[in-house]
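In what follows, a structure is listed as structure tokens, so that the remarks can point back to it.
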Amino acid sequence: MTDTRIAPQRRTARWDDGDVTVADAMDFWSFAAGAANVIMQLSWPAVGHGVAESKVHSGSLLKHPWKRARTTFQYLAVAILGSAQDRAAFREAVNSAHRHVKSTPESPVQYNAFDRDLQMWVAACLFVGLEDTYQLLRGEMTAHQAEQFYRSAWTLA
């Protein structure tokens, strides 16, 4: 995976060696990089076609990009900062929209929004986006911090 990531030429000096969690990356700057994260998510053809062909127009990235951004930010906030009850309620809301996102016989790529691999891809993209912006702004994490950060993000998936 590291072979495919762009390594910064200069690194920000690490602020401190204290404990870190993915919640520490929840700031304006991480969300400002959201467009790049969307492109990364859409690079998996099944995800890209699922978004482009979705019949759920109320949350369509193509028709309502700001609403889609807001719901993604809400997802991140609930997944990372919410209680188990909050996550269950949000999951049901997402599932009700995802029930309608599946390929048709005419689709050039087969997809289903409930495909676990596709869901894990999107979660991994969200994680990498938070990790990258966190380190670019606050400096490279130590191995221990990186493990803490990773373990704290389990709720993204």
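The values are calculated or read from the model by the stated rules, or taken from the named source; none is laboratory data. For clarity, every value in this text was computed on a predicted model and none was experimentally measured. Cβ sites come from the backbone with ideal geometry, for glycine too, and all protein chains shown count toward neighbours.
Below are the figures for this structure:
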| quantity | calculated |
| --- | --- |
| Yes/no for A52 being more than 22 Å from D24 (Cβ to Cβ), among the aliphatic types (A, V, I, L, M) and modelled with pLDDT under 95 | yes |
| Pairs, first without any contact (Cβ under 8 Å) to a residue 60 or more places away in the chain in region 143-157, second exposed (fewer than 15 other Cβ atoms within 10 Å of the Cβ), C-beta under 8 Å, six or more apart | A157/M120 |
| Residue count, region 102-138 (criterion: surrounded by 15 or more Cβ atoms within 10 Å (Cβ to Cβ) and assigned to a loop (DSSP other than H, G, I, E, B)) | 4 |
| Where L61 falls short, out of the listed (1) in a helix (DSSP H, G or I); (2) surrounded by 13 or more Cβ atoms within 10 Å (Cβ to Cβ) | (1) |
| Failed condition for D27, given (1) within 16 Å of the chain's Cα centre (by Cα); (2) at pLDDT 85 or above; (3) closer than 15 Å to V122 by Cα | (3) |
| Which numbered condition V38 fails, given (1) more than 24 Å from E106 (Cα to Cα); (2) touching a Gly at 6+ places or on another chain (Cβ under 9 Å); (3) crowded, with 16+ Cβ neighbours inside 10 Å | (2) |
| Residue satisfying condition, being of a type in the set (A, V, I, L, M), within 29 Å of E140 (Cβ to Cβ), touching a Leu at 6+ places or on another chain (Cβ under 6 Å) and in a helix (DSSP H, G or I), within set A79, A69, A35, A46 | A79 |
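One line per residue, one yes/no per condition, for (1) modelled with pLDDT of 95 or more; (2) hydrophobic (A, V, I, L, M, F, W, C); (3) more than 15 Å from the chain's Cα centre (by Cα):
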residue	(1), (2), (3)
Y75	no, no, no
Q110	yes, no, yes
Q135	no, no, yes
E147	yes, no, yes
